[in-house]
Structures are given as structure tokens and as C-alpha cells.
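Chemist: My questions all concern the structure below.
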């Protein structure tokens, strides 16, 4: 991993992405790019918060294009100062940081920079609102996830920032038996090997009856006795075989692995597993659809993103 992009909307909450990016930099040595986008919303917010900066002291207000030009010059400088402040502690730790300030639609600018940088990872906060919602970063994050072909690390903004950077010792990797879900394995493996962490492999099996939706099936090492009927189902046995297969491969790479099959609706069971395992991150693949099908409403990844408070690393699957 060589390049990490962190889009920032100007809010304090958005900067909560930085410790996670720095933790990944510590493991990979990647270069960080900070991006601030000047959208119409940012411009209007800036004018409301800094009306005195719309013109220089002692000068009459400008009109028309000259006024807009001056305003955008101020906004660009303000954006550079903002990014420089965030970059300083990263640079003091030896991280190479580059700054970008651009004017336009946040989603479009972010997606264009991802491609031009050939970024390996995007790290963003969701629901990073401040004041009058600035960019409405939560919705921007969702659009970036849908539009990006690169992995996106999504952090749910918290009122109280995390006291120290994550260590990625507990990595929850979700599979569903499909080749699509397996495309998340290499990134989870890289994190686990770099951080000397442990991987929890989890697969959900849809219940045959509604009352089974809350039943947790035991780990494949037999520490818990699952319901006999469900345990003998073809779906459950296939899930065990699938997890065992991938666990053996990961163990051969020197990674500690735990496996668990859970009966219930996938998004619910993934979120539950993240809580019970105290996961530092959930790693999962999104379907490689294009156009309107990409990240269709109601997908498992969509539901997990909206419901979990655990950081989520989404890998855009190909094919």
C-alpha cells in the first residue's frame, strides 16, 4: 500500500479519520494525501462564519466575478491552512503528506483524485456533520463508496474522539461463500500480518424459520452446541467447510484465526459478531456492480455501514 487519500470537509468530526490513516501508515509506510473540497455549501458556510473576510479591511466590497474570485482565493488559502494544520502532526511522525484543495462537487472531486493518484485506500468519516452539516459528509461518503473502485475505510464519527490510534489486533472478516466476498481476504490478511493481529472469520446462514434468526451457531471447533437440525443443514455444513478452507490458508500464512457460523440475517449477525469479538475493524467486499446496481439499496454492506459503530473497510469486488 503506497497511497492513502483522506477527504476532509472542514469539520472537527471529519478529522477523526486521521488516526486510523496514521495507524495504517505505521503498518505500511504509505504516503498520505489530504483533500479539502470547496463546494457551494462550504462557500456559503464560510461566508456565514467569516463575513468580515469577504473583503479586505479598508476596501469597498467587490461585485460580480471579481468578488467571487477573491472569495475563492480566500477559501483556497483557508483550505490549505486547514489541511496544513492536520498534516503537521503526521509529518512530525515522519509521514509524507501532500495537500490538495479543489473547487467542485465533493463526490466528483474525490473520485477523480482517487483515480489520478491511483490511491490504494480512501479513509473517510461518515456523518461528519458540523453546524449546518457543511458538506453533508455522510452522504458524500456513501456516494464515494458506491463510485470508487478502490477500498474505502469508513469511520463512524463519535462525539468523543478515540483516545489513541487503533492497533488492528482484532479483524473481523465476513464471507458468504461467494467469490465476491473472498476478494476482501487479501486486504484483511495484509492488515493481520502487518499488525500481528487475529482474524475472525464469520459467515451468516439465513434461518429456515423466523425464530432461528437470533440463534448463534457455535464455532466450528465445537465449543458451543448448535441446534441439531440447523447444524445438520446443507447450508450450515457448507459454511463450515468454506470457513475451514479459508482458515487453513490464513493459518499457513502465520495468522491466528477463529471461525464462526451464525444463523440469522447477515447484516445483523456481522454487527453482533463485531461487538462480541471487540473487532477493531470489519473487512468485507461490496458487489462489483456498475451503474444503478452498484451498491443497491438494501445490500448487506449498505446495512452494515448504516448500523455499525465499528470501523468498516469495504473492498470493491471485481467481476
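Chemist: With labels modelled as points extended 7 Å from the Cα through the Cβ direction, what inter-label distance (nm, one decimal) is found for residue 245 paired with residue 91?
Modeler: 5.0
Chemist: Shifting gears a bit: Given a Förster distance of 22 angstrom, what is the FRET efficiency for residue 81 paired with residue 103, based on the Cβ-Cβ distance and rounded to 0.05?
Modeler: For residue 81 and residue 103, the calculated efficiency is 0.85.
Chemist: Something else now. Between the stretch 242-263 and the stretch 63-126, what is the C-alpha centre distance in whole Å?
Modeler: Here the two parts' Cα centres lie 40 Å apart.
Chemist: Tell me, 181, 116, 11, 84 in order of fewest to most beta-carbon neighbours within 10 Å?
Modeler: With the fewest neighbours first, 181, 116, 11, 84 line up as 116, 84, 11, 181.
Chemist: Further question on the same structure: So for 275, 86, 4, fewest C-beta neighbours within 10 Å to most, what's the order?
Modeler: Going from sparsest to densest Cβ surroundings: 275, 86, 4.
Chemist: Moving on. Averaged over all directions, how much area does the convex hull of the C-alpha atoms of the stretch 68-123 cover when projected, in nm²?
Modeler: For the stretch 68-123, averaging the hull's shadow over all directions gives 4.6 nm².
Chemist: Ok, one more. Taking the number of other C-beta atoms within 10 Å as the exposure measure, put 40, 280 in order starting with the fewest.
Modeler: In increasing order of surrounding Cβ atoms, one gets 40, 280.
Any read-out appearing in this document is the output of simple, stated calculations on the displayed coordinates, not a laboratory observation. Just so it is clear, the model here is predicted, and its values are computed rather than measured. Neighbour counts are summed over all protein chains in view; Cβ atoms, including those assigned to glycine, are modelled from backbone coordinates with ideal geometry.
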